[in-house]
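Visitor: What follows is a structure written as C-alpha cells; I'll ask about it next.
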Amino acid sequence: MKRRRGSTIEAVKKKRRKEEEMEITSFPGLPMAHSIPFSANSHASFFCLLIFVLIYWKGAPVYGAKREHDKPYHVVNVKSLDPNPYCIESTKDQSKRESLKVVHRHGPCSHMNETQTSAPTLAEIMSHDQARVDSLQHRLRVKSDRNSLDDSKATLPVKPGRSIGSGNYVVTLGFGTPKKDLTLEFDTGSDVTWIQCQPCISCYEQQEPIFNPSASQTYKNISCTAPQCSQDLKLDCTRSTNTCVYAALYGDGSFTIGLYATETLTITPSDVFPGFAFGCGLNNTGLFHGVAGLLGLGRGPPSLVAQTASKYEGYFSYCLPTLSSSSGTLGFGKDGGTTNSAGIKYTPLLTNSNGPSFYFIEVTGIKVAGELLPISQSVFSSSGTIIDSGTVITRLQPEAYDALRTKFRQLMMNYTMTQGPSLFDTCYDFSGHDTVEVPTISFVFGSNVEVSIPFPGILIGSQELACLAFAGNSDASDVGNLGIFGNWQQQTLDVVYDVAGRKLGFGIGGCS
C-alpha cells in the first residue's frame, strides 16, 4: 500500500509540474519565437524570463490588435506616438524590384531636412492640407454632375493637366543627358511633372543644383502646335520661338510657370525614357522649398503613368512609410510592384469623364472595433471618394465622420481628452500612461474589400496631444462633400494602381 501511495503522489507532482510549465510558457501577446519552455522549479530561469517579458512589454511599440470584451484594439506603447528624430534604415532587399526609394519629405530620412531649421508644426501641416482640400472642393463646385457616379463614372471637374497641390513624399529621379539626379514630390492628384530650371525668373531654394537645360544634350522645347501642348495645358505661346508655355496652380497659392519641353527621364538604370514631356519651371513659388519639383502620377495624358504606359501598362504601386522610416517604395510595372502580390485585395477604380486625372473609389462602410457603423451608403455615394497621395488627413462626409467620432470617443472614455489644432476635435493627452488601447478602424470598399487602417494611420501627434487622424468636411452639400482617402491612412499599406485594369489594390506589410 505504501508503494502504491508513493506512486500516486509522484504522479500528482509530475502532473502539477507539467501544468505549471504550460502556464509559464504561455504569455499573452508574446510571440511564439520568444516562448522558452522550462521547469517551474528552475527559479533562476523563471526570473530571467520574467525580466525579459517586462522589458518587452515596457519598451516595444506593439501595434498588434487584441480583443477585450469581444472588441479588437491596438495596444500601443505611448512613447511610439512621439516623433522619432532618427531615421530607421530599411533592411529589406530591393535588388529585384524596379522601384524608387520613398521617404517623407519632413522626416529624418529625407535630405531635405539638412537645410531646415525646424520641421513644420502639426497646425502648419494641417493648414496647408486644408488648402489642398479646399482647392479640390472648389473645382467640384464649379462643374458637377450629381448623377454621374456609378460603377464606371465619378464626377470631379478638374481639367487634365491641372495640378491641385503638393504631396509629402519624395523620390529621386534623373533628368537630362548627362543625368542629373533631382528629388521630387510625387502626387497622384497632379498630371504635369515639372522641375525648376535655369535661367530662373523667380525660383525658391532647393537642395540640389537647379537644372540647366543648356547643359543637357537631349533637352528640347515643345512647339505650340505639338499634340502635347493641349488647350487644357497651354497657358500661352511665345511668339518669337513658337514654344509652349505651361502653368500649374495649387490650392495654397503656390504655382509654377515655364516652358513645356521634352527630356530624357531616368527612373532606374534599366528604365530610361527619351522624349519625356515635362514642365521646365522658370517662375515658381510656394511651399515646395527643398525639392526640385513635382512628379505627376494622375490619370491625364501629361502624367508619367500615361507617358510610360507602353512599358508599364499603366501599372504602378507604392508603400508610404511612416515619418521616420526609409522603407517606402514607388514601383512601376508589375515587376516593380509589391512583393506580396498574392495578398492584394482589389476594389474597382471609378472613372470621371470631366476630370480623368483622379482616382475614384467606392466606400461602402466604416468599422470601428470590428463593428460596422450605422452609415447609409448614400452618404458616401452622393459625392464620391478619391484616393490621393497628396492629401494628408482623410476627409469624410459629415454624417460619416460624426458616426466615426462618436463610436471612437465611446471606446476611449478611459483617457483624458484635450484641445487640438482647429481641424481636430477628438484629441487625447496620454501623459501618465505606459500603454494605451486604441480601437481598430477599417474601411469597406467596393467589391466588399475591407482594409484595416494600420495603427500609425489612426492617431496623429504625440503622447501629450494625440488626435483622431480624420476630419469631416465643412460643406455638407453634394458638390462640396468629396471624400478623400489621405496618405496618413495609407501608411505602410501596399497600394497598387492597375489603371488599365480599372482596379485599385490594397495589401498589408508593404514597407516591411
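Visitor: Using r as the Cβ-Cβ distance of Gln217 and Ser127, and R0 as 41 Å, what FRET efficiency do you calculate, to the nearest 0.05?
Guide: 0.45
Visitor: Pulled fully out, how much extra length does the chain show between Ser310 and Glu89, if you take 0.36 nm times their separation in residues and subtract their Cα-Cα distance?
Guide: 76.2 nm
Visitor: On the accessible surface of region 387-512, probed at 1.4 Å, how many percent belong to carbon and sulfur atoms?
Guide: Taking all protein chains in place, region 387-512 shows 46 percent carbon and sulfur surface.
Visitor: Let me check against my output: what whole-number percent is the relative contact order of region 343-442, with C-alpha pairs under 8 Å and at least 6 apart?
Guide: With pairs under 8 Å counted, the relative contact order is 25 percent.
Visitor: For Arg409 and Ser202, compute 0.36 nm times the residue count separating them, minus their Cα-Cα distance, and round to one decimal in nm.
Guide: 69.7 nm
Visitor: Can you pick out the pairs among Lys101/Lys407; Lys180/Lys334; Lys79/Lys407; Lys180/Lys503; Lys79/Lys503 whose Cα atoms lie more than 30 Å from each other?
Guide: Exceeds cut-off: Lys101/Lys407; Lys180/Lys503; Lys79/Lys503.
Visitor: How much of Glu205 can a 1.4 Å solvent probe reach, expressed as accessible area in Å² and rounded to 10?
Guide: Counting only protein heavy atoms, the figure is 130 Å².
The values are calculated or read from the model by the stated rules, or taken from the named source; none is laboratory data. As the structure is a computational prediction, the values presented were derived from the model and not from experiment. With ideal geometry, Cβ positions are generated from the backbone for all residues, glycine too; neighbour counts draw on all protein chains shown. Just the protein is used for accessible areas: all its heavy atoms, side chains included, with ligands, DNA and RNA removed. Shrake-Rupley method; radii C 1.70, N 1.55, O 1.52, S 1.80 Å.
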